[in-house]
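One structure is given below, represented as structure tokens, and several questions about it will come after.
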Amino acid sequence: MKYLKLTYILLALLLIAQISSAQHGHQNNDTQIEALRVALEQTDQILEQALEAVRASGSPTTKMYFEQAQNLQRNAWNSFRENTQSGYQRAKMQTEQAREMAQKAVATYRSTDENNDSVLRKLEQLKELLEQTRGMNGNTMSGPRRALYESAQNNLRLAWEFYRQGQFRASIKLCEQVENITKSLLNYSNTDNRQKLYYEHNAENFEAVYEKYKELIAECNLQQSKTIFEQAEQRYQQANQLAQDGSYQPAVKNLNQAKRLIQKAIDRCSGINNFEIKFEKILSEANRIKENLNLSDEIISKQLEQVYVQLENARSFIDNSQNNRATVALKAAQLTLRKIKQQIEKSPF
């Protein structure tokens with residue numbers, strides 16, 4: 001309805017201009033004076049109709065053009081009332097200029113009104129978007145993220161103030177800032193969702209591995225492996241707590257650390273099992289030789305004692321998870337045992 005009225009005003013102004021131009025060329029003097037008076041009255045009507053729109057616009061530019069139109073139209077009537085040929089000519093020129101200013105005022109109003117609607121739509125969209133952003137971020141909106149959200153709120157509040165004052169350009173600039181901030185917050189939220197899914201998937205896999213290896217660690221009965229496994233449990237608990245708080249990135253980090261600790265505990269147990277097998281094999285072979293040993297063979301007896309000492313050292317290293325030293329001790333016992341076996345094979349008894 002508003003635009004129809006504006007269109008009517010503009011068409012009326014153009015029609016008056018065409019009629020005035022046509023009448024000026026084909027009428028006698030009295031008729032031209034009467035036509036000029038009618039044109040002045042029509043211009044008055046147009047200005048009166050445009051006055052309401054100008055007041056509603058709140059645009060300084062629209063108001064300026066309209067005031068110029070009013071002044072020109074006032075001068076046009078003054079010139080017309082001189083009842084002179086030069087006065088009629090000035091009146092015609094001034095009322096035409098008044099219509100031109102009125103056209104500019106109405107055109108500016110239309111532009112202002114369109115900007116008004118455009119900015120209003122943007123403000124309402126951003127209001128909804130900001131509320132959506134708050135809902136999507138939820139409890140995770142803390143620290144820098146909360147600061148961003150509050151900045152967007154303040155900018156949007158100021159944008160509304162500029163809009164109400166008719167400062168649409170300033171309002172739209174703030175709207176752009178708010179939009180950029182909300183996009184950043186929505187990106188944070190989307191990242192959170194991806195990290196949440198990633199964490200939940202990996203947490204399920206971890207729980208399956210955890211239950212599987214918990215029994216193995218217990219059977220291993222190695223204190224160091226148990227301690228490492230307990231550290232893994234603590235990391236997993238921390239990961240769950242962080243996930244509950246919505247901090248999925250550090251939660252994933254703790255979960256991965258828990259996985260590595262479990263693997264470390266398993267590796268220790270696997271290494272110990274290999275040591276145990278070697279230890280038992282060497283000890284069993286040493287005991288068998290001892291049972292069949294001729295007690296008069298002092299050299300072999302001393303070497304066998306050396307094997308037992310080396311095995312005793314290996315036992316201590318294994319229990320203390322000193323893997324490198326355990327390997328050396330077992331290797332030494334194995335070499336000594338090999339020498340004993342070679343001597344027994346060469347012995348005539």
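Placing +1 at every Lys and Arg Cβ and -1 at every Asp and Glu Cβ, with all other atoms neutral, what dipole size does the range 298-337 have around its Cα centre, in debye to the nearest 20?
Working: 4 positive and 4 negative charges, 32 e Å.
The calculation lands at about 160 debye.
Here's something else I'd like to know. Taking N as the number of residues in the range 293-346, what value does Rg over Cα atoms divided by 2.2 N^0.38 Å take?
1.25
Mind listing the phi-derived Karplus ³J(HN,Hα) values for the range 247-257, rounded to whole Hz, using 6.51, -1.76 and 1.60 with θ = phi - 60°, and x for any glycine or proline?
With the stated coefficients, the range 247-257 comes to 8, 6, 5, x, 5, 4, 4, 5, 5, 5, 5 Hz.
Taking a cut-off of 27 Å between Cα atoms, list the lysines near LYS264, but don't count ones fewer than 8 places away on the same chain.
LYS196, LYS212, LYS214, LYS226, LYS253, LYS278, LYS281, LYS331
Oh, and also: Going by how many other beta carbons lie within 10 Å of each one, how would you line up THR108, THR133, fewest first? Could the numbers behind the result be given before it?
Values: THR108 20, THR133 23.
In increasing order of surrounding Cβ atoms, one gets THR108, THR133.
May I ask for log10 I(q)/I(0) of the range 194-269 at q = 0.15, 0.22, 0.27 Å⁻¹, from a Debye sum over the Cα atoms as equal point scatterers with solvent left out?
-0.47, -0.87, -1.16
Mind sorting ILE262, ILE289 by how few other Cβ atoms lie within 10 Å of their own Cβ, fewest first?
Working: ILE262 25, ILE289 17.
Result, fewest neighbours first: ILE289, ILE262.
Under 19 Å from the Cα of LYS173, which lysines turn up, not counting those fewer than eight places away in the same chain?
Filter leaves LYS122, LYS127, LYS183.
Then there is this: Roughly how many debye, to the nearest 20, is the charge dipole of the range 230-341 about its Cα centre, given +1 on each Lys and Arg Cβ, -1 on each Asp and Glu Cβ, and no other charges? Display every interim value, and only then the final one.
Numbers: 17 positive and 13 negative charges, 90 e Å.
It comes to approximately 440 debye.
Run the numbers on the range 57-101 and let me know its relative contact order in percent, using alpha-carbon pairs under 8 Å that are six or more apart. Present the calculation step by step, with values, prior to reporting the outcome.
On the way: 38 pairs, mean separation 19.8, N = 45.
Taking the mean separation of contacting Cα pairs over the length of the range 57-101, I get 44 percent.
Bear in mind these aren't lab numbers, they're just calculated from the coordinates by the rules spelled out. Note that the coordinates shown come from a computational prediction; the quantities given were computed from them, not determined experimentally. Because the Cβ atoms are built from the backbone with ideal geometry, glycine has one as well, and the counts that use them run over all protein chains shown.
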